[in-house]
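As structure tokens, the structure follows; a few thoughts come after it.
The values are calculated or read from the model by the stated rules, or taken from the named source; none is laboratory data. This one's a predicted model, so the numbers in the text were calculated from it and none came from an experiment. Positions of Cβ are backbone-derived with ideal geometry, glycine not excepted, and every protein chain shown enters the neighbour counts.
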Amino acid sequence: MSVKQKMLDAEDARWREMHARLEKLSPQDWLRPGVNGEWNAKDLLAHVAAWHAHTTDRFESLRMTGELPAFTADVDEFNRKMFEENRDLTLHEVQAMSGAARHRFREEIDLLSNEPDERIQQIVYANAEEHYEEHIPHLDAFLGGS
């Protein structure tokens, strides 16, 4: 099995783990703050989608130009900006955005070589399994307190 396929499989397994928690939320719980600080589950899903979209744009640029654009923003500032931009979206809009962003993310991964270099593997890991694993405990705590 190629490294690329292992990355796609690992992303999907962790996504399913995170999504299983989201599926337990009632419509009211999706909008109740406290999943991660002031964020609600909708905000968390928009946050993950924003990182998928940003990473996809970087990979698309790599594919088109041969150069991977550096991530130059401050992570906390990027997260704050994305929160502000997405906070007024409806749950339906965020779910649609998330589905589209993840689909594009996986498409760009699929267009990588079968054996991407370590830097690319780390970027995928940081924006997939590691990112989901970071937020699964937030969802678990939130669900335990529901």
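Here's the yes/no breakdown for (1) assigned to a loop (DSSP other than H, G, I, E, B); (2) surrounded by 19 or more Cβ atoms within 10 Å (Cβ to Cβ); (3) among the aliphatic types (A, V, I, L, M):
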residue	(1), (2), (3)
47	no, yes, no
57	no, no, no
76	no, no, no
115	yes, no, no
137	no, no, no
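Filter the range 109-133 down to residues that are of a type in the set (A, V, I, L, M, F, W, C) and touching a residue at least 12 places away in the same chain (Cβ under 8 Å) and give me whichever is nearest to residue 30 (Cα to Cα).
Ranking the candidates gives 128 first.
Is it the case that the range 134-146 has a residue that's in contact with an Asp or Glu (Cβ under 8 Å, 6 or more places away or on another chain), under 25 Å from residue 2 (Cβ atoms) and either without any contact (Cβ under 8 Å) to a residue 12 or more places away in the chain or β-branched (Val, Ile, Thr) (or both)?
No: the range 134-146 contains no residue that is in contact with an Asp or Glu (Cβ under 8 Å, 6 or more places away or on another chain), under 25 Å from residue 2 (Cβ atoms) and either without any contact (Cβ under 8 Å) to a residue 12 or more places away in the chain or β-branched (Val, Ile, Thr) (or both).
Specify the residue that is farthest from the chain's Cα centre (by Cα); the eligible residues are those in the range 91-108 that are touching a residue at least 24 places away in the same chain (Cβ under 8 Å) and within 25 Å of residue 33 (Cβ to Cβ).
Going through the qualifying residues, I end up with 91.
Determine which single condition residue 70 fails, assuming it passes every other condition in (1) surrounded by fewer than 11 Cβ atoms within 10 Å (Cβ to Cβ); (2) part of a helix (DSSP H, G or I).
(2)
I need every pair where a residue in the range 56-81 that is closer than 13 Å to residue 120 by Cα has its Cβ under 6 Å from the Cβ of a residue that is of a type in the set (S, T, N, Q), sequence separation at least 6 or different chains.
Filtered contacts from the range 56-81: 69/61.
Of everything in the range 91-107, what is surrounded by 13 or more Cβ atoms within 10 Å (Cβ to Cβ), within 18 Å of residue 23 (Cβ to Cβ) and not small (Gly, Ala, Ser)? Give them in sequence order.
Within the range 91-107, 91, 94, 95, 97, 102 meet the criteria.
Can you spot a residue in the range 98-109 that is assigned to a loop (DSSP other than H, G, I, E, B), in contact with an Asp or Glu (Cβ under 9 Å, 6 or more places away or on another chain) and modelled with pLDDT of 95 or more?
no
Return a yes/no flag: does the range 2-11 have any residue that is modelled with pLDDT of 95 or more and assigned to a loop (DSSP other than H, G, I, E, B).
Checked the range 2-11: at least one residue is modelled with pLDDT of 95 or more and assigned to a loop (DSSP other than H, G, I, E, B).
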